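A quick write-up on the structure given underneath.
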Amino acid sequence: MTWHHTSISRLLKIEYPIVQAPMAGGITVPKLISAVSEAGALGSVGAGYLTSVQLDQHIKEIKALTGKPFNVNLFVPEKEVSISKEDIQTMTGILKKMNMPVQDVSFTNETSYSDYEKQLETVLLNDVPICSFTFGLPSIEAVRELKRAGRIVIGTATTVEEAILFEERGADVIVMQGSEAGGHRGTFNDSADACIGTMALIPQGADALSVPVIAAGGIADARGIAAALILGADGVQLGSVFIPCTESGAPAAYKAKILSSKEDETVLTRAFSGKYARGISNDFIQKMKPFESSILPYPVQNDLTKRLRSHAAQELNAEHMSLWAGQSLRLINESMSAKEVLNRLIAGVNKVTESSWKDVNASES
């Protein structure tokens, strides 16, 4: 048995147990997702900020480009966001004093839930084979509906307790996401301060769960993949390695920063979105440090900085972009196609496991 024949590859009907992380915000465009799936891994739509109409279009484009399985990831809405007009005005004033473009916001929880419900409906109507969830547990009814329709349900957890809650909710697979991961982590069960690293998280999650585990966070080469599998994961999820890909929707300035940055240049910040996310430090993050107590909760802060981020992308100004990235940046230094990235990773794992994997399999049988 070779390393890539795991319960994940069989369950998800993919050749290699490698998942392209569902990075929301324009990176995971249909061209990238379909290229990853075509190469034998699992492409993922980061649908968090898409309208149901945009998601429908994405799905149709992906299906036109590949007949292979792919995943749609949804953000489960926050339970309650407590915010006043005065708080919004304060943060708006701070951003305007810095001469930052500001988006007008009129957020309600009802709007957020309505968008999410429409996205879920779009997933069901379009016969998407795999649906994953981040930032919380989908309702029991939503999981039942997806499973009745024959879909695979994936949950995202950052502690063993969160993973157990997802398993109890009916998830078929759990992505266990370590603190090295780029962007927003899937934390939801009052465990924002836990910050457990991937190496510590995976074996504990694998021992506690009866469903397969996908390791995520700081994995960017063949050694990381092999290590995750040895630690008890049945698959891996990689994000940062796909950002500079030729098919990626990331702005050129963002891709360049990924390729030139090092492991000590990422920070955890709430400045862009109101929720802690790991990204490459830049001018905006530094300028916002004195105003930490005024940062609005997610997703209101995220809405407020939307114009700033889109303007920065147009101006190729990396100092005002949310440059989400994990901690393995030194391992990412070349722009390639998604297929080339995966071919290199797969060849690398084959080499790493060539001599040792037979011994591991023999000891487990």
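Between the alpha-carbon centres of region 1-16 and region 294-328 there is a gap of 36 Å. Put simply, the amide H of residue 71, placed in the peptide plane, has neighbours under 5 Å in 43, 44, 45, leaving out anything fewer than 5 places away on its chain.
Averaging 1/r over each pair of different alpha-carbon atoms in the chain and inverting the result gives 20.7 Å, the Kirkwood hydrodynamic radius. The antiparallel fraction among DSSP beta bridges confined to region 7-354 stands at about 20%. Once backbone amide H atoms are built at 1.01 Å from N, residue 298 has 275 as its partners under 5 Å, excluding neighbours fewer than 5 places away on the same chain.
The accessible-area ordering, largest first, of the residues 121, 162 stands as 121, 162, per a 1.4 angstrom probe.
Put a dot 7 Å past the Cα of residue 292, heading toward its Cβ, do the same for residue 148, and the two dots end up 4.8 nm apart.
May I ask you to give the percent of accessible area on the chain that is carbon plus sulfur, with a probe radius of 1.4 Å?
On the way: 8050 of 16050 Å².
C and S atoms contribute 50 percent here.
Heavy-atom accessible area for residue 287, with the other protein chains in place and a 1.4 Å probe, reaches approximately 90 Å².
Count the net charge of all other residues whose Cβ sits under 13 Å from the Cβ of residue 184, scoring Lys and Arg as +1 and Asp and Glu as -1.
Working: positive: 185, 270, 275, 278; negative: 78.
Result for the local shell: +3.
Using alpha carbons only, the radius of gyration of region 11-100 set against its Kirkwood radius gives Rg/Rh = 1.18. Under the criterion of Cα pairs below 8 Å and six or more residues apart, the relative contact order for the chain equals 18 percent. Cβ-Cβ distance of residue 64 and residue 141, R₀ of 45 Å, FRET efficiency by 1/(1 + (r/R0)^6): the value works out to about 0.90. Were the residues from residue 263 through residue 96 laid out at 0.36 nm apart, the gain over their Cα-Cα distance would be 56.9 nm.
Can you give the % of DSSP beta bridges in region 100-191 that are antiparallel, to the nearest 5? List each step's numbers first, then the result.
Working: 0 of 8 bridges.
Rounded to the nearest five, the antiparallel share is 0 percent.
Annotation for region 179-229 versus region 62-98: alpha-carbon center distance of 23 Å. Simple point charges give the picture: +1 on the Cβ of Lys and Arg, -1 on the Cβ of Asp and Glu, and for region 7-354 a dipole about the Cα centre of about 700 debye.
Hey, which aspartates and glutamates would be in cross-link range of residue 339, C-alpha to C-alpha under 19 Å, not counting anything within fewer than 8 residues on its own chain? Excluding near neighbours in sequence, the set is 15, 38, 61, 221, 247.
Which one of 164, 318, 280 has its Cα pushed farthest toward the positive end of the charge dipole of the chain, where Lys and Arg give +1 and Asp and Glu give -1 at the Cβ? The listed residue farthest towards the positive side: 318. Pairwise Cα separations in region 151-307 fall into 10 Å bins from 0 onward with the following percentages, short to long: 10, 35, 35, 18, 2.
Past 26 Å, Cα to Cα: identify those pairs from 147/255; 68/118; 63/306, in the order given. Kindly include the intermediate steps, with their values, before the conclusion.
On the way: 147/255 37 Å; 68/118 24 Å; 63/306 29 Å.
The pairs that break the limit, which is 26 Å between Cα atoms, are 147/255; 63/306.
Ligands, DNA and RNA are left out, and with a 1.4 angstrom probe the accessible area of the chain is 44 Å² per residue.
The values are calculated or read from the model by the stated rules, or taken from the named source; none is laboratory data. For clarity, every value in this text was computed on a predicted model and none was experimentally measured. Note that we place each Cβ from the backbone using ideal geometry, even for glycine, and neighbour counts take in every protein chain shown. In case anyone asks, the SASA skips ligands and DNA or RNA and just uses the protein heavy atoms, side chains included. Shrake-Rupley method; radii C 1.70, N 1.55, O 1.52, S 1.80 Å.
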